[in-house]
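Where a number appears in this text, it was derived from the coordinates with a stated rule and is not lab data. Here the structure is a predicted model, which means the values were calculated and not measured. All Cβ positions, even for glycine, are placed from backbone atoms using ideal geometry, and neighbour counts span all protein chains on display.
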Amino acid sequence: MRRPAGTRSLFGSALQSLGLVSLCLVLILPQPAMASYQAAQQLMARRDYVGAASEYFQSYSSPKSPQEKIYSEWGLGKSLQALGFHYSASKFFSNIVRRGPTGMNPYFRRALEELGAINGTVALGQSHIVQLVRGGGVAPENIPGRARGFYFYYIGAEAFIQQKFERAGDFFKKVPSGSAYYAKAQFHLGVIANRAGAHSRAISYFEAARSAPGADAWVREQANLNIARVHYETKSFTQSLQFYAQIPRESDNWLQAIFEASWAFFLMAKHNNVLGNIHTLHSPFFENRFFPESYILQSITYLRLCRYDEVQNSLEKFRDRYKPVFRDLSALLREYSSRKNDMFKLVYDYRNGSLNNYRSAWAILDQLSRSDAYKEPSRAFRYADSEIGRLNGMGGKWSSSGLAEDLKDFLNKKKQVARSDSGEKLYDQTAAAFEYLRTLSNQTKLIQADMFEGRVDSIRRSLNVTQANDRKVFIGGLQPLQLDQQLEYWPFMGEYWEDELGYYVYNLDDKCGMPNNKPGNNKK
Amino acid sequence: MVSWFRKNSAVQCVTATIVAALCAFCTLSSAIFAAGTPEQFEKYEIRVIRPKYFAKTSRLETGAQLSVVMNQSFIYTYLATGLLDYHFSEQWAGEGAFALGFSIDKDDKRSLKSNFKIQTQILRTQYFMEGGALYTPVYGKYQLDSGELIYLDMFFSAGVGMTGINYLYDHCPKPSEVGQGNFVPSPPSPTTKAYPTFYTGLGQRIFMDKKLSLRWDVRAHIFGYNVADAACDPETAAKATNSQTNITLQLGAGYFL
């Protein structure tokens, strides 16, 4: 701190009066709180947000009255937000919102609006917001218009996570149509309606979600996927394929759509399309993607075509590919069972290419890295690190008041919470993948055993494939053949081309009824 | 429509294009590049079947090119060329072309005249207008090292038209240039004469998007002309017909409506 003018004479002369000493003390000691608040107000008016934040923080930390603490807290949030410290500002706005809409909390409504705006700029994270709005006991008239979407959506989301679907639906319906959260609310209403078996209503909600003005790519894709799934459930396979086909190739969900569409093709008895889609899933481009069920689907498709050697081959490939995965997953789950928080770091290392172990489980880690359980905390890390970096770059401007340390502490805790929440979820998803793999492995044994014990006909009957849409011909890309359509054909000769992925169609005949075509007869 | 051309490098592709073009050009065989049906791929267990990236059927193509006559010893001839094609199917199209241009003397011609007093007689192509058919048996793609895909097709063209030859009679001695006692008639005034022409060629389109393509053509324009038309004294010149082939390289772009 700069030494005030005159201190040298204070120590250098024995004749200093008591009044001078007092003046110097006033200069050296910290400013009284009220002075800080007024100074902050003046600095704020001059748009000196750096100075204002520091002064507000001083009056917030040592307030002269409870009212001054409330005013300073609001001012601090506003000055930080003006500087682009959105996460840091959210700390103070969140404090205000948590106190609820009482008479002693005049900034409740405005803080809620600010949080809604911040969440639109930098995602605060579902757990942060749910914890803020938990209970939802605030009367709707106390929720300002601009914050209604934000508030009701997240209360609904909390109820949704707790599987209180009726309550969730009530809140989602309160999200105004002009809100940025409307599309997501409609999407969740669709999921709830579908769970209740109201398929048509579910589709209407999904349609509303994807066409809402605020619908982002995530909402549009998830809405399309879910419309496809509803049609699949209602056995409208052609319509189902139409919506799977709308997932763009560059999307993380594209392979999932290809895989799910394969089941639709299977149930339509379009075996060459099923095998074509699986050919895409098994291409070297996707060796780190996790679709073990594709081998089961491939084997039962070959089974329907009475191609027993291929069935056997497919089951063997499943075992070859997933035995090591199973082993690595088991070791991974053992190692991380007592430190689930570190799962985020593990996935992060995989994503950055610095992971060298659990190589066989990379397909699972890849899947985890594409999940919201990883993406959401990654965003929180990115924003928090960015603000910490800016705080470090500010030199000593906020150090003397303690604001910089306070904000860094908050941001680091936010990272810690994000890591911890994410770690739990990622661990659970890994355990689920392990169980899934175990179930599929059991299925392969059943298919093989039944096939060799001569129960092929009963298996084939149990696959319950419809012939209803048999007349329709599908080309690659999940598209039905149109009349007069100009097509291009490329033969596959062992060379995968990226642009051809998703467009493969097999050209295999049914071998059922051919003499000597029995399981094991053609074994080489 | 057959799509049967793909390699993973531009160099291989160009080589393959030339080989394919020569094969097809020499034999005019339909064996390799025949108009295709799905049955042609019946022997393959796995196929890619998808809507064609660039469909031409029932579309009008407009094009602009710069044509250069490549087989002239003493002049450069450049022609601005406009094309109008209508594609009846993926393979067959009708085409009309009109080109108008000018010629520039090469140094060789000037040198022969100034150093050796040799006056070269040349045919300066001023324009051609032609109509014909395009047959497109090859549609393919290749991948650049960057991973980018480029779609292309290759076509053969043939048709008839007229070629306009501009006679300057600048090789004719002028009366003022000959010595006293020698009489030469005044050379005829510069004129342009048109001759019936047959052309054939091949070319390639490289599709930039669903409407725009870069296009090159190499064409041979064959026409017969009256030797007397170039003579300095048409009245005494022997009447005879000679044939001339202009080989043009045409570079430009096509836009599909």
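Relative to the longest principal axis of chain A, what angle (0 to 90°, nearest 10) does the C-alpha long axis of helix A:403-452 take?
10
At most 11 other Cβ atoms within 10 Å plus a DSSP loop assignment makes a site exposed; report the longest stretch of chain A without any exposed GluC sites (Glu not before Pro). List each step's numbers first, then the result.
Working: sites that count: A:GLU250, A:GLU287, A:GLU453, A:GLU495.
Counting only loop sites that pass the neighbour cut-off, the longest clear stretch is A:1-249.
Partner chain Cβ atoms within 10 Å, averaged over the residues of B:51-58 - can you pull that number for me? Walk me through the intermediate numbers first.
Working: counts 11, 5, 3, 2, 4, 1, 2, 1.
Taking the mean over all residues of the peptide, I get 4.
I need the fraction of alpha carbon pairs in segment A:161-204 separated by more than 18 Å, rounded to a whole percent. All intermediate terms of the calculation are to be shown ahead of the outcome.
Values: 209 of 946 pairs.
Here the tail beyond 18 Å accounts for 22 percent of pairs.
Give the residue from A:LEU305, A:SER88, A:GLY120 lying farthest towards the positive end of the charge dipole for chain A; charges sit on Cβ (+1 for Lys and Arg, -1 for Asp and Glu) and the dipole is referred to the Cα centre.
Projecting each Cα onto the dipole axis, the largest value belongs to A:SER88.
For segment A:171-236, what is the relative contact order in percent, using Cα pairs closer than 8 Å and at least 6 residues apart in sequence? Display every interim value, and only then the final one.
Values: 80 pairs, mean separation 19.9, N = 66.
Relative contact order here is 30 percent.
How high is the relative contact order of chain A? Use alpha-carbon pairs under 8 Å, at least six apart in sequence, and give a whole percent. Please report the intermediate quantities before stating the final value.
Working: 630 pairs, mean separation 64.9, N = 524.
Once normalised by length, the contact order is 12 percent.
Test of the criteria: in segment A:376-451, which trypsin sites (Lys or Arg not before Pro) are in a DSSP loop and have at most 16 other Cβ atoms within 10 angstrom of their Cβ?
Numbers: sites: A:ARG379, A:ARG382, A:ARG390, A:LYS397, A:LYS408, A:LYS413, A:LYS414, A:LYS415, A:ARG419, A:LYS425, A:ARG438, A:LYS445; in loops: A:LYS397.
Qualifying residues, ordered by number: A:LYS397.
On a 0 to 90 degree scale, rounded to 10, what angle separates helix A:293-304 from the longest Cα axis of chain A?
Roughly 20 degrees, rounded to the nearest 10.
Cross-link partners among lysines for A:LYS317, C-alpha distance below 27 Å, same-chain residues fewer than 8 apart left out?
A:LYS270, A:LYS445, A:LYS511, A:LYS518, A:LYS523, A:LYS524, B:LYS43
Please state the relative contact order of segment A:356-440 as a whole percent: Cα pairs under 8 Å, 6+ residues apart? Let's see the in-between values first.
Values: 32 pairs, mean separation 36.0, N = 85.
Relative contact order, segment A:356-440: 42 percent.
Count charges around B:PHE54 for me, please; just the other residues with Cβ under 13 Å from its Cβ, Lys/Arg as +1, Asp/Glu as -1. List each step's numbers first, then the result.
On the way: positive: B:ARG50, B:LYS52, B:LYS56, B:ARG59, B:LYS141, B:ARG205, B:LYS210, B:LYS211, B:ARG215; negative: A:GLU488, B:GLU61, B:GLU90, B:ASP153, B:ASP209.
So the surrounding residues net to +4.
What's the center-to-center distance, using Cα atoms, between segment B:133-154 and segment A:280-314 in Å?
33
Given only helices, namely DSSP H runs of n ≥ 4 each adding -39500 (n - 2.57), what is the per-residue ellipticity at 222 nm of chain A, to the nearest 500 deg cm²/dmol? Could you put the intermediate results ahead of the total?
Details: 23 runs with 335 residues, N = 524.
Only helices count here, giving -21000 deg cm²/dmol.
Count the net charge of all other residues whose Cβ sits under 10 Å from the Cβ of A:LEU355, scoring Lys and Arg as +1 and Asp and Glu as -1. Can you show the working numbers first?
Details: positive: A:LYS345, A:ARG351, A:ARG359; negative: A:ASP349.
Residues near A:LEU355 contribute +2 overall.
Could you state the angle between the C-alpha long axis of helix A:217-233 and the longest principal axis of the C-alpha atoms of chain A, as a value from 0 to 90 degrees rounded to the nearest 10?
Taking Cα atoms only, the helix is inclined about 30 degrees.
Once you list every other residue whose beta carbon is under 13 Å from the beta carbon of A:GLU114, what net charge do they have if Lys and Arg are +1 and Asp and Glu are -1?
Values: positive: A:LYS78, A:LYS91, A:ARG109, A:ARG110, A:ARG146; negative: A:GLU73, A:GLU113.
Computed value for this residue: +3.
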